[in-house]
1. For region B:43-67, which residues satisfy the criterion of being away from ligand 2 (no atom under 13 Å from the Cβ), open to solvent by less than 40 Å² (accessible area, probe 1.4 Å) and part of a loop (DSSP other than H, G, I, E, B)?
2. When you go through B:126, B:141, B:72, B:159 one by one, which is the residue that is out of contact with any Phe, Trp or Tyr (no Cβ under 7 Å at 6 or more places or on another chain), touching a residue at least 60 places away in the same chain (Cβ under 8 Å) and more than 9 Å from chain A (Cβ to nearest Cβ)?
3. Of everything in region A:271-305 that's within 13 Å of chain B (Cβ to nearest Cβ) and of a type in the set (S, T, N, Q), which residue is most open to solvent (accessible area, probe 1.4 Å)?
4. Residues of region B:74-97 being more than 20 Å from residue B:36 (Cα to Cα) and of a type in the set (A, V, I, L, M, F, W, C), which ones?
5. Does at least one position in region B:227-247 carry a residue that is within 16 Å of ligand 1 (Cβ to nearest atom), surrounded by 18 or more Cβ atoms within 10 Å (Cβ to Cβ), within 13 Å of residue B:39 (Cα to Cα) and small (Gly, Ala, Ser)?
6. Could you pull out the residue among A:325, A:343, A:333, A:362 that is at pLDDT below 90 and surrounded by 19 or more Cβ atoms within 10 Å (Cβ to Cβ)?
7. Got at least one residue in region A:288-299 being outside any helix (DSSP H, G or I), in contact (Cβ under 8 Å) with a residue 12 or more places away in the chain and hydrophobic (A, V, I, L, M, F, W, C)?
8. Looking only at residues that are aliphatic (A, V, I, L, M) and within 10 Å of chain B (Cβ to nearest Cβ) in region A:261-270, which one is least open to solvent (accessible area, probe 1.4 Å)?
Amino acid sequence: MSANPFFDPSLPKRHRSARRFKRFTAASIIMTLAFLFFFLFDMVRTAAPAVWQAYVKVDVTYNEQTLRFTRKAVDKKYSKIVSRAWLRTLPKQVDTEPALMNTTVALWVLADDQVDQYMKGHHHKLKPKEVTTVENMKENGDIELRFNAVFFSQGDSKIPENAGIQAALIGSVLTLIVTMMIAFPIGVMTAVYLEEFAKDNRLTRFIEVNINNLAAVPSILFGLLGLSVFINLFSMPRSSPLVGGMTLALMTLPIIIVSARAALRSVPVSIRQAGYGLGLTKLQIVQDHVLPLALPGILTGSIIGLAQAMGETAPLIIIGMIAFIPDSPESIIEAATVLPAQIYTWAGMPERAYVEKTAAGIIVILLILVALNATAIYLRKKYELKW
Amino acid sequence: MNLSGNFQPRIKIQSRNLNLWYGDHQALKQIDIDIHQNKITALIGPSGCGKSTFLRCINRMNDLIDHTCVEGQMVIDGKNIYDADVDEVAVRKRVGMVFQHPNPFPKSIYENLIYAPLKHRQVKKGNDCDELVETSLKKAGLWNEVKDKLHTPGTSLSGGQQQRLCIARAIAVKPDVILMDEPTSALDPISTKKIEALMMELKESYTLVVVTHNMQQARRTADFTAYFHLGELVEFNTTEQLFTQPQETLTSDYISGRFG
Ligand SMILES: Nc1ncnc2c1ncn2[C@@H]1O[C@H](COP(=O)(O)OP(=O)(O)OP(=O)(O)O)[C@@H](O)[C@H]1O
Ligand SMILES: [Mg+2]
């Protein structure tokens, strides 16, 4: 064979090290994915039982005495089997349906959390006698696991089978609405001013640096600011979505400003020049030509800021939104809690039944985050312009 | 100096002692030039000599650049546009501009043309607009190519068509003067020919000032040519004179170097 004019003795070694580098990078991706899958798998596995809830069929008696001492409404052997929370609603049931008075009806009712845990094969604290009762009911088909509607229709409760995520969900939505109503317009206006109107001088540079610094401030400090300014100085209602939303808005503002500025900057200068060349005013150019082009980028950034605000807990501790708040707020000035706060509260509860609720709450928050990010990606793709 | 006194009707634009600084850097030095009405004036010169800067002085686009300072006068129709009582937005409406790279708005062809006239309240929505779109596109020689797709994005046209769309858009606001900064340097030879032909037609109705790096283009199209060098106006004459009998060695070096 003739000599190879392309022979380079150092090449095999260089190729080997390139391949090694490639393997390292691939390995780190695999590791990241493995962690992620492990986390998700574990969460879903833990949360899965929360989809179901035990219900039992018992005879319920409605009369003067049982309305006063609700435990007496069911046979004594069922008194620990039926949910205390459900029994407490007896007077209300009679209020809405007076015909029930002085009757005895066979009803499917919510079971106690211990029964629920027993049915799901988890650790439980039922006494041997109660276990026998449950086993008997099982044989007669008087007990079954049904879809856990309570989880989505109730607020927090100290009685595990009655605890749901609705109040926190509504609290989160109200809080985020306040956050966006404040942070979006102010953030976009600030970005428009800095990008389109401000002259490049020492003052604007000073403002810029400070906005960037603001993005790096630990979020708990925003909580302190919210406490001292909104609650103490302006006497706004503590624990309310109004204060929570305003506090989170402070946190989200720099994110929106920075992303909106990037989006505005990515609009080609030639578009602005075209506008000036036609004798248009700055407002006309910005409003009709620059902002529409920057909007997908601005929205993407805002949604990401929103997602971040939704997962935020630290500042809300300080303004009192992390607390036992069972009722869904009906306005932004009532006490409310938010999703991450609810998860945090449940994670600290001693009863076994809260473990699956904690995991289910985490799944709910993850689903919302995924939905938000998917919206951001969708918007970006949909309005992406090719130049 | 009382300029309105010796104002000649055929002179559209006069610059007098025009100086411009970008920060500390003086980009234009004592420019005196008379630009004739309904003629094409070409600005030529090596890169960085201030052609674009001078062009932007004619419609005050330099005002948009931070730290620029203009001294002297730019008189259009007897009025110095740098006077305190002149609004630069109004100047730009009367002095349109076409850029090196075609820059249609990312909207439909139709909207590209009517946006500014609507904002200037020159037309009303409806028939008025349709008419304006047709006449502007016809003047820009683009009507036959796009009349069936007026509502497709302007950015979907070819580069040459986009540039003619930009010219049509400039015409649509009914300016007196059209400034063009290297309007064909991003285009192929055929599109360039079309734009040059268009320029010859446009000078019937408008005064054109064109920056070009293409010597043949200046020779083919321009009535007057100005040669700039390092921020100074070295020579200004009819195109014929400047190319055949340059008075300055700098000019002859430049034009012969190009052809040489
Ligand atoms: N925005 C600006 N800020 C600062 N200096 C500038 C600016 N624009 C141009 N200059 C400077 O002014 C001088 C003239 O620039 P100008 O763009 O007018 O040149 P030109 O003749 O158009 O060149 P070209 O043929 O390359 O387009 C150059 O030295 C340039 O560096
Ligand atoms: Mg130039």
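The values are calculated or read from the model by the stated rules, or taken from the named source; none is laboratory data. Just so it is clear, the model here is predicted, and its values are computed rather than measured. Virtual Cβ from ideal backbone geometry, glycine too; neighbours counted across all protein chains shown. Accessible surface areas use protein heavy atoms only, side chains included; no ligands, DNA or RNA. Shrake-Rupley method; radii C 1.70, N 1.55, O 1.52, S 1.80 Å.
1. Listed by number, the residues that qualify are B:59, B:60.
2. On the way: B:126 fails: touching a residue at least 60 places away in the same chain (Cβ under 8 Å); B:72 fails: touching a residue at least 60 places away in the same chain (Cβ under 8 Å); B:159 fails: touching a residue at least 60 places away in the same chain (Cβ under 8 Å).
The match here is B:141.
3. Checked region A:271-305; the qualifying residue most open to solvent (accessible area, probe 1.4 Å) is A:287.
4. Scanning region B:74-97 gives B:84, B:86, B:89, B:90.
5. no
6. Details: A:343 fails: at pLDDT below 90; A:333 fails: surrounded by 19 or more Cβ atoms within 10 Å (Cβ to Cβ); A:362 fails: at pLDDT below 90.
Unique residue meeting the criteria: A:325.
7. Filtering region A:288-299 for residues outside any helix (DSSP H, G or I) gives none.
Checked against the condition, which is being outside any helix (DSSP H, G or I), in contact (Cβ under 8 Å) with a residue 12 or more places away in the chain and hydrophobic (A, V, I, L, M, F, W, C), region A:288-299 yields no hits at all.
8. Initial filter on region A:261-270 (aliphatic (A, V, I, L, M)): A:262-264, A:267, A:269.
Adding the requirement that they be within 10 Å of chain B (Cβ to nearest Cβ) leaves A:267, A:269.
Working: A:267: 5, A:269: 96 Å².
Looking at residues that are aliphatic (A, V, I, L, M) and within 10 Å of chain B (Cβ to nearest Cβ), I get A:267.
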